[in-house]
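Below is one structure, written out as structure tokens; the observations come after it.
The values are calculated or read from the model by the stated rules, or taken from the named source; none is laboratory data. A quick note: this is a predicted structure, and the numbers were derived from the prediction, not measured. Reconstructed Cβ throughout: ideal geometry from the backbone, glycine too, with neighbour counts over all protein chains shown. All accessible areas refer to the heavy atoms of the entire protein, side chains included, with ligands and DNA or RNA removed. Shrake-Rupley method; radii C 1.70, N 1.55, O 1.52, S 1.80 Å.
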Amino acid sequence: LEAAVDYMEHSGEARFLARLIEHFGATRLCDIDQAAIDRAARLLYPNASLATRNRQVYTPMSAVITFASRRNKCDPIRLERPRSPAGRVRWINPEEAERLLAACSEHLKPLVLFLLYTGARMSETLYLDWTAVDLTRGHVSLLDTKNGESRGVPLHPRVVAALANLAGREGAVFRRPDGEPYRYIEKAGGQIKTAFGGACRRAGIENFTPHDCRHTWATWYYAKHGNLAALMQLGGWKSVAMAMRYAHVNTDSLKDSILALPGENPGSASNTG
């Protein structure tokens, strides 16, 4: 796909284009329409979520076509993207989190603790290498993340202590019970699904997935600090709308503002005598 090469040579984002170039080969740009891109998304990512197809097929193809159309190499087209369902936000409170951690197996507990206190994605966590961890500084670098940008996250002292107790300082930080690193797959969370589900059952927590640890961290963080810009930076969200979901979920921090509204409070001291 000559247009894709031209796009990259002019500082276009190369991420995800390799598979698209291989798929379309020498196909003329004018022959790549909505139907062709829809087919490519289904063939290249048959088991992927709509969000993944959007990110790895529709967004780069739209960028290439827009770039080429501005140079009069093809007509512009307006791609229709698959519409993702409303984002799910499920989180647990600190007391539930402690029950979950207590119910985790020995190899799983440090991993879940890391998820709850960093907001890292499952893939960022399972494939984390010791070279990205600085225990002295209390900092982790999450590299080659979902949105293509690296970011750093300070480590809570509780996480530093848990990581310091792990065996070894080379290769993968988190490992399977047999000591081997987790295999790289697109849906990383599935690799701990069984063990995580067992811990949730023992803790009496329902409808909670490994990815929901990220939602939990974000909800806790925003409720404590109310800093949307910091939440986006630490969590790696580019969209304000995505990060704002956590501002709307937990409103406990706003309780005092509601109680301060005018009107008598039946439970106040002034109404008891």
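Tabulated results
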item: Cα-projected label distance for LEU135 with ILE185, points at 7 Å along beta-carbon direction, nm; result: 3.0
item: Choice from ASP212, ASP178, ASP129 with maximal GNM fluctuation in the chain (Cα, 10 Å cutoff); result: ASP178
item: On Cα atoms only, tilt of 109-118 relative to the major axis of the chain in degrees; result: 80
item: Helix 193-203 vs. the chain, principal-axis angle (Cα, 0 to 90°, nearest 10); result: 20
item: Helix-only [θ]222 nm of the chain, DSSP H runs n ≥ 4, -39500 (n - 2.57) each, per residue, nearest 500; result: -12500 deg cm²/dmol
item: Which of VAL160, VAL57 is most accessible, then next, and so on - probe 1.4 Å; result: VAL160, VAL57
item: Mean accessible surface per residue for the chain, computed with a 1.4 Å probe while every protein chain stays in place, in Å²; result: 58
item: Taking the chain and dividing mean pair separation by its residue count, relative contact order in percent (alpha carbons under 8 Å, at least six apart); result: 17
item: Tilt relative to the chain, helix 94-103 - C-alpha long axis, 0 to 90 degrees, to 10; result: 80
item: Label corresponding to volume of the Cα convex hull per residue in Å³ when calculated from the structure given, among (i) 193; (ii) 130; (iii) 230; result: (i)
item: Carbon plus sulfur fraction of accessible area for the stretch 1-44, probe 1.4 Å, in percent; result: 50
item: Chain lengthening between LEU261 and CYS30 when straightened (0.36 nm per residue, less Cα-Cα); result: 77.0 nm
